[in-house]
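Notes follow once the structure below has been shown.
Values in this text are rule-based calculations from the coordinates and carry no lab data. Every value quoted in this text rests on a predicted model; they were computed, and no experiment measured them. All Cβ positions, even for glycine, are placed from backbone atoms using ideal geometry, and neighbour counts span all protein chains on display.
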Amino acid sequence: MAIGATIHTFTVQLSDVDRGVYDELSIRVARHPSETDAYMLTRVLAYCLEYEEGIDFSEGISATDEPAVLVRDLTGALVAWIEVGAPDAARLHTGSMKAARTAVYTHRDPEKVAAPWAGKRIHRADEVLLHSFDPGFVERMAGHIERRSTATLTRTEGRIYLELNGVSDETDFHTRPAA
């Protein structure tokens, strides 16, 4: 018998000062059995830091033709393709062709994530952004995830402050182009 996804619920007080986005989010995340806590938290952080009308999670690891997080406009057109982890260059190329904006969020070493992209064909590679956090930040905070979690997430002046189920930590928010 196959093990199904586990549903996690996050209630997030979002204060993204850098983008002028302030909201209380109720996020339901289906965690695939093969998904690590760090990967799931990175998906949640990507969702929050990209939050805008029309944002949604794809079907996750099992979705081969969609990113982890996507944004659609009111007509259903794809506006943003947001990958999580370490996607290959072909996925970034596809995403950049399909959406006006493409980004990657990773909890891994960004240099190691980007290295396989060198010399590969990625549409508008200079516009694809790779976002990362200080080493160990996501892993430390992922250890505090519960099935029902409450969080306060603040981004200001390129710094992220996260309180998750009563535990606080902070990190610089690193951004670089994929190319």
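Things to note:
- One decimal place: the segment Thr9-Lys112 gains 34.0 nm when fully extended, by the rule 0.36 nm per residue minus the C-alpha distance.
- Leu74 paired with Arg147, simple spin-label distance in nm, labels 7 Å along Cα-to-beta-carbon: 3.9 nm
- Restricting the trypsin sites (Lys or Arg not before Pro) of segment 86-127 to loop positions (DSSP other than H, G, I, E, B) with no more than 10 neighbouring Cβ atoms within 10 Å leaves Arg121.
- In this rough spin-label picture, where each label sits 7 Å from Cα along the Cβ direction, the Thr36-Arg19 distance is 2.5 nm.
- Kirkwood Rh and Cα Rg combined as Rg over Rh, evaluated for the chain: 0.94
- Between helix 37-49 and the chain: long-axis angle, C-alpha atoms, 0 to 90°, nearest 10: 80 degrees
- Two-site FRET efficiency, Arg28 against Arg140, from Cβ-Cβ distance with R₀ of 35 Å, rounded to 0.05: 0.90
- Only helical runs count toward this figure. For the chain, summing -39,500 (n - 2.57) over DSSP H runs of n ≥ 4 and dividing by all residues gives -5000 deg cm²/dmol at 222 nm.
- With Cα atoms as the point set, the radius of gyration and Dmax of segment 89-179 evaluate to 15.2, 44 Å.
- Extension reserve of the Glu127-Ser168 stretch, reckoned as 0.36 nm per residue once the Cα distance is removed: 11.5 nm
- Crossing angle, helix 89-98 versus the chain [Cα axis fit, 0-90 degrees, rounded to tens]: 90 degrees
- Fewest neighbouring Cβ atoms within 10 Å first, the residues Arg147, Arg43 line up as Arg147, Arg43.
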